[in-house]
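Below: the structure, in structure tokens.
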Protein chains: 2
Amino acid sequence: MKIDVIPYASTIRRDLIENRHVIVIDVLRASSVMITALENGANAFIPVSTVEEARQKAKIFHNETILLCGERDTKTIDGFHLGNSPQAYTRDKVEGRTLIFTTSNGTLALNRLEEAAEVYIGSFINMKALVHRFLELEDVVLVCAGTNNNFSMDDAMCAALFIDEIKKEKAVLLSDLSITLLKAFQKEAGDLHLLLKDCYHLNLLKRNGFGDDVEYCLQKNSSDVVPEMRSGRIVKVN
Amino acid sequence: MKIDVIPYASTIRRDLIENRHVIVIDVLRASSVMITALENGANAFIPVSTVEEARQKAKIFHNETILLCGERDTKTIDGFHLGNSPQAYTRDKVEGRTLIFTTSNGTLALNRLEEAAEVYIGSFINMKALVHRFLELEDVVLVCAGTNNNFSMDDAMCAALFIDEIKKEKAVLLSDLSITLLKAFQKEAGDLHLLLKDCYHLNLLKRNGFGDDVEYCLQKNSSDVVPEMRSGRIVKVN
């Protein structure tokens, strides 16, 4: 299996993703939100880039039971139903709902992947299921969403965990960035709290009162859901 | 000291370099060529992006003793005086000469740094001198040139060595990518041959017969020259 990593959303290029199987990783917190909500019975996420676009889309989908979801600067957007805290996406809130979703980093990545063969959503919480799903595939690109248009260590170490795990199951051919992230990950024997103790985005969330979200998102393998993009929507296929 | 790293040339953005002290790293081989040639008495390098631009510039500078230098796909360009092998830049060839220089990756980076406060050239061979020069500075951006518009481990591990060394001398504030590269570097206790054994660009050079260049470029601290960019030229200031 050939594995490459794209370091952050704005570095996505067509030649890097075309006809490849892509995993979008935005650990803190969009990926973790989508996995959790689909586990709890949400119909689908519709990722959009701007707050205005989200509000416009909500009017168009008048036949579906819509929720407006997402964040800017880590906080819930004015007038939106839900923010970007995964544990707020409970069954009683999201079951049967279609969620229009806009975040600072994760949805930006999702809207730049039209040429990919398939697009999946990855995070620490669904890692085991994700690795299992990829055992039969051959050409994988891990897209780290990043933070504010820059590299973010939380996403990068999640990509590294994927590489570390799948390497135990099959032969891999790693790009330079894949090798580098794996070495960094192994330096601390995969201890996420130690690896991420100086991660900018993680510490920003803690300072803004989202320490519980951070702990939730750093749990491994708490969900079997691997969301997939189908016709512009993120859904649970099986 | 605040330290950030730009992963490869095409990810240079104005907001990341503006008014900062920038070190351009293209270990294999442009940085190593420039350090070696300036050590051997070359007047200056004029970095240009294209082969055609190099030929045009050579006509303009008719009063200077010009050499056309550089590579494409690792090989010397037709009709050029020198390729990208640092050890070919001997005193008898380069002393007193102005070198018009175009390479696949390194000169691309150099021509995107107009807004930087100052631009220096770094490689393993001048690391000690580079660290010494930066002891009094506060805001540093390490620009990895990369290979074919992608991340390259040789440049990244050179950036990591800089961080590892300067961290012994003064307090540092590291970006997420800086932290990650440093951890990868430390995983193999800084053993460059072990770190870079699967580096794509390094192995390409070896396959193309440039194994001696690789060994030369991975030597640490063999030169005291820290090239600087002044008015679009790379020169030795002292």
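Rule-based calculations on the coordinates, nothing more; no lab input. All values reported here derive from a predicted model rather than from experimental measurement. Don't worry about glycine lacking a Cβ; one is built from the backbone with ideal geometry, like all the others, and counts go over all protein chains shown.
Across region B:117-130, computed HN-Hα scalar couplings (Karplus, 6.51 cos²θ - 1.76 cosθ + 1.60, θ = phi - 60°) run 5, 8, 10, 10, 10, x, 7, 4, 5, 10, 4, 4, 5, 5 Hz from first to last residue, x flagging Gly and Pro. Our helix-only sum for the protein assembly as shown, with -39,500 (n - 2.57) per DSSP H run of n ≥ 4 divided by its residues, gives a mean residue ellipticity at 222 nm of -9500 deg cm²/dmol. Counting only DSSP beta bridges with both residues in region A:1-116, what percent are antiparallel, rounded to the nearest 5? In region A:1-116, DSSP labels about 15 percent of beta bridges as antiparallel.
If r is the Cβ-Cβ distance from residue B:191 to residue A:148 and R0 is 35 Å, what FRET efficiency results, to the nearest 0.05? Calculated value: 0.55. For the protein assembly as shown, the antiparallel share of DSSP beta bridges with both residues in that region comes to about 25%. Counting only Cα atoms, region B:122-206 measures 38, 25, 24 Å along its principal axes, largest extent leading.
Take residue B:238, push a point 7 Å out from Cα through the beta-carbon direction, and compare it with the same point in every other copy: 7.0 nm, smallest first. Which of B:88, B:116, B:126 sits closest to the plus end of the dipole of region B:54-130, meaning its Cα is farthest towards the positive end, when Lys and Arg get +1 and Asp and Glu get -1 on the C-beta? Of the candidates, B:88 comes out farthest on the positive side. Counting only alpha carbon atoms, the long axis of helix A:30-39 and the longest principal axis of chain A meet at about 70°. The label point for residue B:224 and the one for residue B:237, both projected 7 Å from the Cα toward the Cβ, are 1.7 nm apart.
Label-to-label distances for residue B:75 across copies, nearest first, come out at 6.0 nm, using points 7 Å from Cα in the beta-carbon direction. Shape of region B:172-238 from its Cα gyration tensor (a ≥ b ≥ c, root eigenvalues): rounded if a/c is under 1.5, otherwise prolate when a/b > b/c, or oblate? Oblate is the answer for region B:172-238, as a/c is 1.5 or above yet b/c matches or exceeds a/b. Taking the inverse of the mean 1/r over every pair of distinct Cα atoms in region B:69-224 gives a Kirkwood hydrodynamic radius of 16.9 Å. Distances, shortest first, from the label point of residue B:208 to those at the same position in the other copies read 4.5 nm; the point lies 7 Å along Cα to C-beta. PRE reach from residue A:2 (point 7 Å along Cα→Cβ): which of region A:161-198 fall under 16 Å by backbone N? The answer is A:171-179. Relative to the globular-protein estimate of 2.2 N^0.38 Å, the Cα radius of gyration of region B:1-151 stands at 1.02. Working value for region A:23-110: equivalent-ellipsoid semi-axes of 17, 16, 12 Å, each the square root of 5 times a Cα gyration tensor eigenvalue, largest first.
At q = 0.06, 0.07, 0.12 Å⁻¹ the log10 of I(q)/I(0) for the protein assembly as shown amounts to -0.29, -0.39, -1.00, computed by Debye summation with a single uniform scatterer per C-alpha, solvent ignored.
Taking Cα centre as origin and charging only the Cβ of basic (Lys, Arg, +1) and acidic (Asp, Glu, -1) residues, the dipole magnitude of region A:123-220 rounds to 160 debye. With 21 Å as the limit on Cα-Cα distance, the pairs of A:2/A:128; B:197/B:220; A:93/A:236; A:187/A:220; A:197/B:220; A:128/A:170 that go past it are A:197/B:220.
Using the Cβ of residue B:183 as centre and a radius below 13 Å, the other residues enclosed give a net charge of -1, where K and R count +1 and D and E count -1.
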